[in-house]
Every structure is written in structure tokens, then in C-alpha cells.
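To start, the structure under review is shown below, and the notes come after it.
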Amino acid sequence: MEARVGVVVDGGQRALNSAAVHGSVVDAGARKFLQQHNHNHNHNHNKQQSLSRQAQIGTIQQLLAGGIAGAFSKTCTAPLARLTILFQVQGMHADVSALHQASLWREASRVIHEEGFRAFWKGNLVTIVHRLPYSSVNFYAYERYKSLLQSFLGLERQRGNATMDLAVHFIGGGLAGITAASATYPLDLVRTRLAAQRNTIYYRGMWHAFSTIIREEGFLGLYKGLAATLLGVGPSIALSFSVYESLRSFWQTQRPNDSTVAVSLACGSLSGIASSTATFPLDLVRRRMQLEGAGGRARVYTTGLFGTLGHIIRNEGLRGLYRGILPEYCKVVPSVGIIFMTYETLKMLLSHDPTNQ
């Protein structure tokens with residue numbers, strides 16, 4: 001998954017339209033699910049305030065603000081994201097015994113000394129290009145799936161059925177995430193190949209990578225590892241929802257006077273860590289499958305998704321499935337904070353409310 005963590009931020013209105021914290025393929029669906037859930041349970045005064053703020057910004061502005069916020073957050077945390085990828089793919093062609101000497105500081109130093117400081121942003125341009133189409137497809141796919149599900153279940157004539165509404169938003173969010181991930185997956189694969197390059201440069205840029213992959217591996221080469229991405233959608237969205245809502249409910253029960261923004265950022269970060277921990281092995285498998293045959297190198301894994309999982313466990317142990325989890329953890333909190341603050345600032349600037357101009 002581009003964003004294996006469904007971090008949900010609730011600054012009074014669930015202000016994450018970009019689905020871009022780190023990438024879960026279902027962040028936007030999760031956000032909308034929780035928006036509706038809270039609209040059913042929050043105090044009427046808070047609901048009116050939230051709806052009033054939503055009215056200040058249109059759909060295009062939401063997508064624009066969300067896309068920019070996501071791209072800015074990705075750019076700020078790109079060094080940690082690249083370190084995560086480098087660690088994830090270390091076991092593919094390296095001697096396993098040498099991997100025990102790897103450390104975050106040692107790898108960061110190697111990148112600076114051998115590739116230069118700018119190398120931390122390898123592949124980041126593709127990440128930025130990925131954000132807006134991903135957010136747009138996710139946003140509109142969610143609305144379409146929600147409408148179809150409501151029509152199929154006959155909910156258009158029923159109001160107040162909270163359980164069915166939650167089911168619609170949950171399923172719609174998951175389907176939207178799958179649709180967006182599938183539609184934009186080639187960009188994610190190209191980003192991984194660019195970021196995984198070290199001293200030897202095989203792909204000279206985004207377009208060169210696209211043309212080379214299609215020429216050498218065929219069009220389906222752009223979809224290597226997609227199964228691991230789609231398989232992680234369910235666990236990611238379920239964990240994000242349940243952990244976030246449980247933490248938020250407990251926190252508000254114990255400390256009802258705390259800032260809504262602070263509670264949301266804290267709970268969003270913790271739910272992101274929980275979801276990342278659970279789905280990280282699938283993400284690692286996805287990265288390795290994306291690099292299969294890259295640069296003309298021999299294939300390492302030839303037995304599919306579960307065969308790859310077994311191969312890694314046999315050769316690297318269970319710890320091998322979590323190679324790179326430390327830099328992933330390190331970027332959760334800054335990602336959530338940057339996206340939230342950037343989105344809120346852009347929302348205010350793009351608002352039609354004269355008082356905000």
C-alpha cells in the first residue's frame with residue numbers, strides 16, 4: 001500500500017482528504033467513514049459548526065488542499081520513507097549474515113557519503129505526481145460506491161439506521177481504496193524502483209522507468225506486488241478505525257476538556273503505529289515483489305505472495321518481515337502533524353468565507 005496506515009485526523013472535521021499520511025490505500029475512505037460516524041453521535045452544536053466549516057470549501061478545493069498537504073508531508077518525510085524502502089529490500093540480494101550489522105544511522109550515513117544528501121529524495125517526484133490522482137480516484141470512487149450500496153440496501157428511504165450506515169461507509173471506503181490503489185499502482189511501483197537504486201543507476205527518471213519496465217517486463221510488470229497491496233486493505237482499514245475510535249473514546253472519557261485537535265493527532269498517530277505494525281510484513285513483501293526482475297537481475301521469489309512470505313521467514317526469520325519498521329515509526333507523528341496543519345491552512349486560504357480572506 002502506498003499508505004499502509006489509515007491514520008485519521010479529526011481537527012473538528014476529519015481534515016484528511018488526501019489519503020496521504022503514509023500511505024494507507026484507504027485513508028480517504030476511513031476519513032469519510034469517521035465523519036459520518038461522528039455526525040451521528042456528536043453534540044448538535046459541534047455538528048452545526050463542522051457542517052458550517054465544510055460549506056466553506058468545495059470539492060475541488062478539498063482535493064487540491066488534500067493533494068498539496070499530502071505531497072508536502074511526503075516531501076518532508078521522504079528521507080525516512082527512502083530509508084524504509086532500502087531496509088525492506090536489503091535481504092533480496094545481500095548476504096543475510098551481513099544484515100545484522102545494518103542500522104538506521106549507518107544506512108543514513110552511507111546514503112550521504114556515497115550518493116549525496118539529495119539522494120534521500122530519490123523517487124519523491126513520482127510520489128508527488130501520485131498524490132492528486134490517487135486522492136481524486138479515492139474521493140469519487142467512495143462517493144459512487146456509497147451511492148450504489150445505499151441504493152442496493154434501500155437505505156435512501158431509511159434514516160437513522162446507524163449500523164447499516166457504518167457498514168456502507170466501511171465497505172465503500174475499502175472498495176474506494178482498492179480502486180484508487182489499482183488505478184495508480186504503476187506510479188507506486190516506479191517510485192519504489194527509483195528509491196531502491198543505490199550507486200548504480202538503471203532507471204534515469206520516471207518516464208525512462210515506465211518505458212524500460214514495459215519494454216523488458218511487459219505491461220503487467222507495472223503491477224508486480226499488487227496482490228499484497230489489496231490484501232492489506234481490510235486489516236489496515238479495520239485496525240485504523242477500531243484503534244482510533246477506541247483511543248479517542250477512552251481519552252475523551254478520562255480527559256473531556258482536552259483539545260480536540262491534540263486528541264485527534266495523538267490518536268491518529270497511535271492508530272497509525274498500530275496499523276503499520278500489523279500490515280508492515282505485507283508492505284515489505286510488496287516492495288520486494290515490485291523489484292523482481294528490476295534492472296535485468298534474476299528473480300528471487302517465484303512462488304507468489306505466500307511463497308514469498310515463507311521464503312523470507314525461512315531465510316531471514318520473523319524479524320526479516322519487519323526490516324525497516326524503525327524509520328516507518330519515526331515518520332508517523334510528523335506525517336500526521338504536517339498533513340493536518342498544512343490541510344487546515346490551505347482550507348482556510350481556499351475558503352469562500354470572506355472573513356478568512
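The values are calculated or read from the model by the stated rules, or taken from the named source; none is laboratory data. Here the structure is a predicted model, which is why all the values come from computation and not from measurement. With ideal geometry, Cβ positions are generated from the backbone for all residues, glycine too; neighbour counts draw on all protein chains shown. To get the accessible areas, we keep the full protein, side chains included, count just its heavy atoms, and leave off ligands, DNA and RNA. Shrake-Rupley method; radii C 1.70, N 1.55, O 1.52, S 1.80 Å.
Tabulated data for the structure shown
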item	result
Enumeration of residues in the range 172-229 that are assigned to a helix (DSSP H, G or I), closer than 26 Å to GLU114 by Cβ and of a type in the set (A, V, I, L, M)	LEU189, VAL190, LEU194, ALA195, ALA196, MET206, ALA209, ILE213
Condition met for LEU149 (surrounded by fewer than 21 Cβ atoms within 10 Å (Cβ to Cβ), touching a Gly at 6+ places or on another chain (Cβ under 7 Å) and assigned to a helix (DSSP H, G or I))	yes
Among (1) open to solvent by 60 Å² or more (accessible area, probe 1.4 Å); (2) over 25 Å from LEU230 (Cα atoms) - the single one LEU104 does not satisfy	(1)
Out of GLY296, GLY310, sole residue that is open to solvent by 40 Å² or more (accessible area, probe 1.4 Å) and under 29 Å from PRO186 (Cβ atoms)	GLY296
Residue that is over 25 Å from ILE68 (Cβ atoms) and either at pLDDT below 95 or among the basic types (Lys, Arg) (or both), where the choices are ALA181, ALA162	ALA162
Single condition GLU292 does not satisfy, out of (1) under 24 Å from ALA209 (Cα atoms); (2) in a helix (DSSP H, G or I); (3) within 24 Å of the chain's Cα centre (by Cα)	(2)
Top-ranked residue of the range 123-145 - restricted to ones that are in contact (Cβ under 8 Å) with a residue 40 or more places away in the chain, open to solvent by less than 50 Å² (accessible area, probe 1.4 Å) and over 15 Å from the mean Cα position of the chain (by Cα), ranked as farthest from ILE178 (Cα to Cα)	GLY123
Any chance ILE178 is open to solvent by 40 Å² or more (accessible area, probe 1.4 Å) and within 18 Å of VAL233 (Cα to Cα)	yes
Wholly within the range 32-105, helices (runs of 4 or more DSSP H) carrying at least 1 residues that are over 26 Å from the mean Cα position of the chain (by Cα) and at pLDDT below 55	44-55
Filter result for the condition that a residue is of a type in the set (Ser, Thr, Tyr) and over 23 Å from PRO79 (Cα atoms), over THR184, THR127, THR212, THR192	THR212
Residue in the range 114-154 that is modelled with the lowest pLDDT, counting only those that are within 25 Å of ARG191 (Cα to Cα) and of a type in the set (D, E, K, R)	ARG131
Meets criteria (closer than 20 Å to LEU284 by Cα and open to solvent by less than 50 Å² (accessible area, probe 1.4 Å)) for LEU226	yes
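Yes/no per residue for (1) in contact with a Phe, Trp or Tyr (Cβ under 8 Å, 6 or more places away or on another chain); (2) farther than 23 Å from ASN124 by Cα; (3) surrounded by fewer than 22 Cβ atoms within 10 Å (Cβ to Cβ); (4) modelled with pLDDT under 90:
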position	(1), (2), (3), (4)
ASP188	no, no, no, no
LEU222	yes, no, yes, no
LEU230	no, no, yes, no
ILE237	yes, yes, no, yes
GLU245	no, yes, yes, yes
SER249	no, yes, yes, yes
GLN254	no, yes, yes, no
SER275	no, yes, no, yes
ALA278	no, yes, yes, no
